[in-house]
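Report on the structure given below.
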Amino acid sequence: MTMSERLPAVALRGMTILPEMMIHFDLSRKKSIMAVEQAMMGNDKVFLVTQKDTDEENPGFEDVFHVGTIAAVKQINKLPNGIVRVLVEGEKRGELVSFVLEEEEYLLAQVNELPSLEDELKDVTKEAMIRQLAELFGGYSKYYPKIGRSIEKQFQVQKSLEKLLDVITMSIPLSYTSKQKVLELSTLAERFEYLAGVLSNEIEIAKIKTELSEQVKGRVEKHQKEYLLREQMNYIRQELGEDGGFSDVERFEEALDKLKAKKEVKERIRKEISRFKSLAPNSSEASVERGYIETLLEMPWDKMSKDHTDINRAEKILEAQHYGLEQVKERILEFLAVRSLTKQGDSPIICLVGPPGTGKTSIARSVAEALDKKYVRISLGGVRDEAEIRGHRKTYVGAMPGRIAGALKQAGVKNPLMLLDEIDKVSSDYKGDTSAALLEVLDSEQNCRFRDHYIEIPVDLSEVLFIATANTTQTIPRPLLDRMEIIEVTSYTANEKFHIAKEHLVEKQWKKHGLTAEQLSVSDNALRMIIEGYTREAGVRELERKLGEICRKAAREILKKPGSCIKITGQNLEKYLGHMKFTPDKRKLTDEVGIVRGLAWTSVGGDTLQIEVNVMPGKGDIDLTGQMGDVMKESALTGMSFVRSISKQYQIKEEMFKKNDFHIHIPEGAVPKDGPSAGITMATALMSAVTGIPVRADVAMTGEITLRGRVLPIGGLKEKLLAAKVAGMKKVLVPEENRRDVEEISREIKGGLDIVFVENMTQVLEHALAEKAQEAEQKNASAKKTR
């Protein structure tokens with residue numbers, strides 16, 4: 001009697017599983033994974049059926065073969081990327097009646113269990129078939145001994161013809177369609193006939209394959225014989241002096257004699273040359289060895305350039321080529337002074353951190369010129385393979401030294417200035433961590449014996465002056481950051497940009513475009529208009545591009561009208577650059593409720609943020625819009641909690657927070673914003689919206705807020721104050737703990753700003769809310785009169 005049952009089904013692609021077969025396979029389709037999980041929750045039984053088309057993603061009843069295997073799920077392992085590995089053991093054949101359509105999450109199959117065919121034939125017939133199979137398999141195992149050894153025991157132990165046929169089908173390398181054919185054949189006689197034919201065919205193929213391989217082997221031996229004869233001929237020619245085979249060796253030995261290096265290095269190179277002598281000249285190993293020896297001989301082991309120690313000359317070069325950057329210049333001159341006095345001393349490892357376009361890369365070139373050092377630049381942006389720094393082991397095809405050793409080889413001396421550009425852009429992957437490889441390079445205690453995987457001999461980097469550049473320290477790992485001396489290169493003020501343009505950029509663009517001062521002149525007013533109206537950046541790259549654009553258009557005009565002199569002024573600037581792109585984000589003239597001006601730091605300098613708060617009838621919900629990051633959202637909630645905590649002091653009813661919704665928005669919604677420095681700004685805007693007291697339009701502020709209303713310090717203060725000044729703000733509220741930072745900022749930036757240091761929100765509200773500010777001013781006035 002045929003048993004029928006419903007079982008979870010898995011449609012297999014390119015695989016057929018038979019009874020008595022234990023195998024594991026991977027699943028990625030959600031339906032298949034769900035079917036296995038359903039089986040594990042039930043009786044561990046699953047129906048395994050093979051797809052007709054392996055590319056079908058959602059197979060139905062007509063897309064699969066209708067005979068499959070009922071199997072027991074033994075084990076499930078979850079792998080990365082949503083893949084599940086399943087171990088199953090086939091038990092019985094089953095016939096698919098239909099898929100139950102009600103189940104959409106996984107395939108549920110109506111399956112008829114197919115009965116065993118063991119009693120179908122007489123014992124004598126089965127014994128004859130088993131012996132015939134054993135004979136065929138004996139012939140097969142001569143060509144495939146590994147498979148033969150695993151099946152021979154089955155012929156001795158296994159007395160069931162049906163199981164033996166399945167075991168042989170599983171063991172020999174057949175396609176899944178052939179295995180499906182064995183699975184589907186309904187009688188033992190048909191299965192025996194099909195499998196015997198397959199084994200006979202495989203034996204014939206193996207015979208032909210063996211004959212072909214013997215023919216190929218004979219040809220290979222012939223080629224090897226020819227190779228040996230050629231090598232003997234080469235040797236005879238060398239003995240007769242007809243061939244310059246040793247010219248490479250002589251050249252290497254001559255270069256080794258001239259090489260400035262320690263005894264150990266020379267001994268190692270001498271060993272490599274001796275090894276090269278014993279290799280066949282045309283072999284691949286000889287070419288690898290030749291490249292390795294050439295690299296070792298080109299390395300500047302003990303070759304040094306003489307540094308300039310004239311501190312006045314160095315200072316003149318640095319001042320002439322760069323405006324500002326005082327900290328960098330000061331540090332280099334200090335190093336030079338120490339080196340002049342002691343005749344030694346470790347080279348500093350400096351990291352210049354600042355926005356794009358502020359002259360970090362170009363100052364390194366000027367430092368090299370000032371010290372009369374060789375200059376090499378290594379761009380680390382996007383480097384994610386450790387071998388880029390340490391090199392590849394020379395056993396690999398196409399191996400080469402890492403970038404550090406390659407830069408030394410390029411410089412030709414062991415004490416160059418090495419610029420590690422964009423060190424914050426390095427990344428890591430499965431090949432290794434690049435920043436971890438840089439740890440040894442930038443550690444003055446370790447880099448005297450830096451090991452490159454290709455060179456294999458310790459390289460001394462202690463004499464190298466490393467200067468790294470980065471836009472931010474946030475992405476640099478802490479151990480790497482700890483090994484470098486950080487120097488902040490801050491944004492340029494409008495006045496600094498003006499001086500840089502006038503003293504450096506204009507003349508540079510004249511030379512670049514073949515112009516002279518007689519042909520083109522740019523007025524001071526025009527330069528200031530370009531800086532304020534056509535560029536918005538921390539550095540001067542865009543400013544330089546705009547000057548280049550003017551030069552190109554002027555060059556065209558000069559060619560059309562030879563001998564003409566073009567003067568660029570504020571009046572005719574639009575003719576060359578078009579309409580102004582940026583208008584200063586000026587402050588509002590009137591005080592408003594719920595609108596506060598905050599200050600923000602961006603990668604291209606400072607900016608002002610106008611934070612708006614609306615109160616409307618509701619249930620006490622808070623909506624935050626304007627692409628705020630998680631930290632900024634938390635600051636908004638902290639500000640709201642503080643406002644609620646002091647509501648009684650301002651006669652605010654508790655119902656205000658229960659029956660109204662609050663919407664906090666920061667305009668320019670397409671621009672992502674984050675950070676805690678807008679905390680006091682949002683708290684002030686909320687307090688203004690709740691009390692109805694306007695906020696002074698000429699006040700800007702920055703600072704992090706705590707739940708108890710304390711004001712915590714923030715960063716990027718120079719850029720923020722600059723943005724406040726450009727916006728025309730009169731008063732700026734700054735955390736008390738940032739007082740030292742403010743003192744270090746130049747008067748040019750602070751001039752015209754009333755900077756007020758605050759410790760808590762009470763002080764912030766006194767200065768920001770219009771009514772509170774008036775009360776404070778009246779108190780101050782009356783106090784002065786009393787005095």
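Using the average count of surrounding beta-carbon atoms within 10 Å as a protection proxy, the listed peptides 282-295, 32-45, 7-20, 77-90 rank, highest first, as 7-20, 32-45, 282-295, 77-90. Placing +1 on the Cβ of every Lys and Arg and -1 on the Cβ of every Asp and Glu, with nothing else charged, gives the chain a dipole about its Cα centre of roughly 2940 debye.
Going by average Cβ neighbours within 10 Å, how do the peptides 593-602, 480-489, 646-655 rank, with the highest at the top?
Final packing ranking: 593-602, 480-489, 646-655.
Whenever you get a sec, compute what percent of the accessible area on the chain sits on carbon and sulfur atoms (1.4 Å probe). Percent of accessible area from carbon and sulfur atoms in the chain: 49. Computed packing ranks the peptides 451-458, 750-757 as 451-458, 750-757, most packed first, by mean other Cβ atoms within 10 Å. Once Rg and the Kirkwood radius are both taken over the C-alpha atoms of the stretch 592-738, their ratio Rg/Rh works out to 0.95.
Modelled spin-label separation between Arg545 and Val671, with each label point placed 7 Å from Cα along the Cα-to-Cβ direction: 1.7 nm.
Spacing of the modelled spin labels on Glu744 and Ser428, each 7 Å from Cα toward Cβ, amounts to 3.0 nm. Placing unit charges on the Cβ atoms of the charged side chains and taking the dipole of the stretch 533-668 about its Cα centre, the candidate lying farthest along the positive direction among Thr625, Ile558, Leu609 is Ile558. Based on alpha-carbon centroids, what's the gap between the stretch 13-47 and the stretch 255-296 in Å, whole number please? Cα centroid to Cα centroid, the span is 59 Å. So how tilted is helix 326-342 from the main axis of the chain? Cα-based, degrees 0 to 90, rounded to 10. Its long axis makes an angle of about 80 degrees. Compared with the dominant principal axis of the Cα atoms in the chain, helix 717-726 is inclined by about 60°. The relative contact order of the stretch 425-491, computed from alpha carbon pairs under 8 Å that lie at least 6 residues apart in sequence, is 28 percent. In the stretch 503-553, Cα pairs under 8 Å separated by at least six residues give a relative contact order of 52 percent. Taking Cβ atoms as reference points and 12 Å as the exclusive limit, the residues near Ala261 contribute a net charge of +3, counting Lys and Arg as +1 and Asp and Glu as -1. Within the stretch 1-90, the ratio Rg/Rh, alpha carbon atoms throughout and Rh by Kirkwood, equals 0.94. Distance between the pseudo-spin-label points of Thr475 and Gln627 (7 Å out from Cα toward the beta carbon): 1.7 nm. Measuring between their Cα centroids, the stretch 642-692 and the stretch 733-757 lie 26 Å from each other. Seen against the Cα atoms of the chain and their longest principal axis, helix 284-298 is set at about 20 degrees. Put simply, the amide H of Leu609, placed in the peptide plane, has neighbours under 5 Å in Gly598, Leu599, Ala600, leaving out anything fewer than 5 places away on its chain.
Using a cutoff of 8 angstrom between alpha carbon atoms and counting only pairs six or more residues apart, the relative contact order for the stretch 359-461 works out to 32 percent.
Listed cross-link partners Lys619/Lys648; Lys360/Lys575; Lys511/Lys720; Lys360/Lys394; Lys373/Lys497 are compared with a 27 Å cut-off, the Cα-Cα value being larger for Lys360/Lys575; Lys511/Lys720; Lys360/Lys394; Lys373/Lys497. Computed about its Cα centre, the charge dipole of the stretch 342-452 is approximately 460 debye, with only Lys, Arg, Asp and Glu carrying charge at their Cβ.
For Leu228 and Asp302, a Förster radius of 51 Å and the Cβ-Cβ distance give a FRET efficiency of 0.70, rounded to the nearest 0.05.
Just to confirm a number: summing +1 for Lys and Arg and -1 for Asp and Glu over residues other than Val64 whose beta-carbon lies under 10 angstrom from that of Val64, what do you get? Around Val64, the surrounding residues sum to -3. Dividing the radius of gyration of the alpha carbons in the stretch 398-446 by their Kirkwood radius gives 0.98 for Rg/Rh. Magnitude of the charge dipole for the stretch 278-342, about its Cα centre and with charges confined to Cβ atoms of Lys, Arg (+1) and Asp, Glu (-1), is about 180 debye. Estimated purely from DSSP H runs of n ≥ 4, each contributing -39500 (n - 2.57), the mean residue ellipticity at 222 nm for the chain is -14000 deg cm²/dmol once divided by its residues. Note on the chain: dipole from Cβ charges, positive end direction compared against Leu505, Ala196, Ser635; the farthest Cα belongs to Leu505.
Of all aspartates and glutamates in the structure, those lying under 12 Å Cα to Cα from Lys502, and not within fewer than 8 positions of it along the same chain, are Asp524, Glu544. 3J(HN,Hα) along the stretch 693-701, derived from phi through the Karplus expression 6.51 cos²θ - 1.76 cosθ + 1.60 where θ = phi - 60°, amounts to 8, x, 9, 4, 6, 9, 10, 10, 8 Hz, with x in place of Gly and Pro. Under a 5 Å amide H cut-off, with hydrogens placed 1.01 Å from N, Lys303 pairs with Lys414 among residues at least 5 apart or on other chains. Accessible surface area normalised per residue over the chain is 53 Å², counting heavy atoms of protein chains with a 1.4 Å rolling probe.
Dividing the convex hull volume of the alpha carbon atoms of the stretch 434-491 by its residue count, what do you get in Å³ per residue? Write out the running numbers ahead of the final one.
Details: hull volume 5.4 nm³, N = 58.
Per-residue hull volume (Cα only) is 94 Å³.
All Cα-Cα distances of the stretch 310-388, cut into 10 Å bins from zero to the largest, leave 15, 47, 28, 10, 0 percent in each bin in turn. Projecting the Cα atoms of Leu279, Ala109, Ser647 onto the dipole axis of the chain, where Lys and Arg carry +1 and Asp and Glu carry -1 at the beta carbon, places Ser647 farthest toward the positive end.
Fully extending the segment from Glu315 to Val100 would add 68.8 nm, taking 0.36 nm per residue of separation and subtracting the current Cα-Cα distance.
The values are calculated or read from the model by the stated rules, or taken from the named source; none is laboratory data. On a predicted model such as this, the values are computed, not experimentally measured, just so you know. Here the Cβ is made from the backbone with ideal geometry for all residues, glycine too, and neighbour counts use every protein chain on show. Just so you know, the surface numbers come from the protein's heavy atoms only, side chains and all, with ligands and any DNA or RNA stripped out. Shrake-Rupley method; radii C 1.70, N 1.55, O 1.52, S 1.80 Å.
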